[in-house]
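Peer 1: Dropping the structure in here first, questions after.
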Amino acid sequence: GTVHLPEELERVLFLPDGRRSRVGAGNIGSVVKPQRDGNAGTTYYSNAGICLQGDIDSLNSKGLWGKGWFEYYELILPLMIQRIHECDIPAIVNHAAFDPDESEFLTERAFDAGADLVTLNWSCGNTGGDVLAFEESFYRPALVRTLRVVPKGKQLLIKMPWFPARSMLRRMAEFLNSFD
């Protein structure tokens, strides 16, 4: 699961009786640089009454909240990653950057804190959704600058929106395939 707080991480890593859960990785995030409030409302709600059969009936309405790097994650992220590694599983840090500087900064800090994999969250509507994910003035410099700080042997994952036109996905795939 994706978690923001140490107590949430504990609930993912361990069962109520104290035994280790069977989770295959710890996923922290979305980490943000400036502190952000989430949207009002619950994280998920059911709209099954208005959906056609087979449609998704829960929506994330919480937004990309976070305590911010300097307010919180600078100190707590290394401890959370250490806790995940104590369970002998990989630590994934998901971050939501709004510009290339923030992407480079958060990626470098996540790897410095011990992350095994960093996810660039370009998919959430609260990061601009298909605006940032497919806006060349964002994604080209963001990826080029972010790749400069990825340590040898470490990996990035880019989380893309699920709702764009196929032509947008094709254009993004061509761009991503231009990198090793």
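Peer 1: Evaluate the following for residue 76: is it within 26 Å of residue 18 (Cβ to Cβ), buried (at least 21 other Cβ atoms within 10 Å of the Cβ), among the aliphatic types (A, V, I, L, M) and more than 14 Å from the chain's Cα centre (by Cα)?
Peer 2: Considered against the rule, which asks whether it is within 26 Å of residue 18 (Cβ to Cβ), buried (at least 21 other Cβ atoms within 10 Å of the Cβ), among the aliphatic types (A, V, I, L, M) and more than 14 Å from the chain's Cα centre (by Cα), residue 76 comes out as no.
Peer 1: I'd like to verify a number: residues in the stretch 79-102 that are at pLDDT 95 or above and either open to solvent by 80 Å² or more (accessible area, probe 1.4 Å) or of a type in the set (Lys, Arg) (or both), how many?
Peer 2: 5
Peer 1: Tell me whether the stretch 51-71 contains one or more residues that are at pLDDT 65 or above and among the aliphatic types (A, V, I, L, M).
Peer 2: no
Peer 1: Are there any pairs, at least 6 apart or on different chains, whose C-beta atoms fall under 9 Å, with the first in the stretch 1-23 and open to solvent by 60 Å² or more (accessible area, probe 1.4 Å) and the second part of a helix (DSSP H, G or I), and if so, which?
Peer 2: 2/8; 2/12; 10/83; 20/13
Peer 1: Select from the stretch 103-124 the residues that are of a type in the set (Gly, Ala, Ser) and either assigned to a loop (DSSP other than H, G, I, E, B) or open to solvent by 30 Å² or more (accessible area, probe 1.4 Å) (or both) and list them in ascending order.
Peer 2: Hits for the stretch 103-124 are 113, 114, 115, 123.
The values are calculated or read from the model by the stated rules, or taken from the named source; none is laboratory data. All values derive from a computational prediction rather than experimental measurement. Cβ: placed from backbone, ideal geometry, glycine included. Neighbour counts: every protein chain shown. Each accessible area value is taken on the protein alone, full model and side chains, heavy atoms only, with ligands, DNA and RNA left out. Shrake-Rupley method; radii C 1.70, N 1.55, O 1.52, S 1.80 Å.
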